[in-house]
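These notes concern the structure reproduced below.
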Amino acid sequence: MSPHHGGPDWAAVEAAAGLVLVAGAAGYAAALWAARHRGPWPGGRTVLWFAGLGCAGASLLGPLAAAAHGSFVAHMVVHLLLGMAAPLLLVLGAPVTLALRALPVAGARSLSRLLRSRPVRVVSHPVVAGTLNAGGLWVLYGTGLYAAMHSSAPVHAAVHAHVLLAGYLFTAAVVGVDPDPHRGSLRLRAAVLVGFLTVHAVLAKRLSGDPPAGVGTADAQLGSRIMYYGGDAVDVALLVVFFAQWYAAGRTRTAPAAV
């Protein structure tokens, strides 16, 4: 049986998560308003951003979040929504591009300098981002961290923050649409993407027979299948976006020069 408990600290964690999500929604809406004179913003980007917030909200608040405290199956649904689906949707919402449109000149220049800084260059490198994402999952399920996150609200919040942020960094590094002065080559990003998909699939298979302590056999097997096949569904979306970008880049390189 998976670790299970409740208490007032879980309410505080949910409240904090709710505030972060509201801030993400309000910030994007404020940027849309501030940039309204800069020309039309693609409505699809807005839909993707708010859909990403919705995926994160469904995994952090309400019945699914409560069930995940005691069910490995529910936990895996949270993992797919928070660590894979939400990051993809949020990245495709192009928040950095919108911020650059909305900020005054001085603010936009400051943000551009931040994007060019060494720390951002390091964490946004595809290999580093992929390692943070996949490595974090192996640490979560291969150590006592899984049990710890269900017995400590601060650990629980930290793990979920890492899952979302690492997922966002990885997705942005591989299929990001925002300006990235340090973006890796298409071949490097392809190699990292294939490597991550492989590691994720291997981990899902491993969890079926070697789950974290306290997780029952039936729960582990169903949870690992959700991770494997649900991950495949998000992976297909990632691959579609990646190859669409690759195709677009190829067309740009081969387009005839204007006369």
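Note on the chain: GNM, Cα springs under 10 Å; of Ala244, Ala191, Ala106, the largest mean-square fluctuation is that of Ala106. Against the chain, whose longest principal axis is taken from its Cα atoms, helix 43-60 shows a tilt of about 20°. Solvent exposure of region 1-136 amounts to 48 Å² per residue of accessible area, where only protein heavy atoms count and the probe is 1.4 Å.
Seen against the Cα atoms of the chain and their longest principal axis, helix 8-34 is set at about 10 degrees.
Mean residue ellipticity, 222 nm, helices only, the chain: the sum of -39500 (n - 2.57) across DSSP H runs of n ≥ 4, divided by residue count and rounded to 500, is -24000 deg cm²/dmol. Could you calculate the FRET efficiency of Thr198 with Ala26 from 1/(1 + (r/R0)^6), where r is the beta carbon distance between them and R0 is 45 Å, rounded to 0.05? That pair, Thr198 with Ala26, gives E of 0.70.
As a rough guide to protection, the peptides 61-72, 114-125 ranked by mean Cβ packing within 10 Å, highest first, stand as 61-72, 114-125.
For the chain, the Kirkwood hydrodynamic radius from C-alpha pairs, put into Stokes-Einstein at 10 °C and a viscosity of 1.306 mPa s, yields a diffusion coefficient of 81 µm² per second.
Highest mobility in the GNM of the chain, judged by mean-square fluctuation with C-alpha springs under 10 Å and restricted to Gly39, Gly230, Gly195, is found for Gly39.
Shown here: region 1-140, whose C-alpha atoms stretch 55, 32, 26 Å along the first, second and third principal axes, sorted largest to smallest. Solvent-accessible area assigned to carbon and sulfur over region 8-249 amounts to 73 percent, based on a 1.4 Å probe. Under 5 Å from the amide H of Ala68 lies no amide H of any residue 5 or more positions distant or on a separate chain, with H modelled from the backbone and absent for Pro and chain starts. Taking Cα atoms only, the orientation of helix 153-175 departs from the longest principal axis of the chain by about 40 degrees. Using the Cβ atoms and a cut-off under 15 Å, what net charge is assigned to the surroundings of Ala68, where Lys and Arg are +1 and Asp and Glu are -1? Around Ala68, the charge tally is -2.
The values are calculated or read from the model by the stated rules, or taken from the named source; none is laboratory data. Fair warning: this is a prediction, and the values are worked out from it, not measured in the lab. No Cβ is skipped: glycine too gets one built from the backbone with ideal geometry, and neighbour counts run over all protein chains shown. Calculation scope for accessible area: heavy atoms of the full protein, side chains included, ligands and nucleic acids excluded. Shrake-Rupley method; radii C 1.70, N 1.55, O 1.52, S 1.80 Å.
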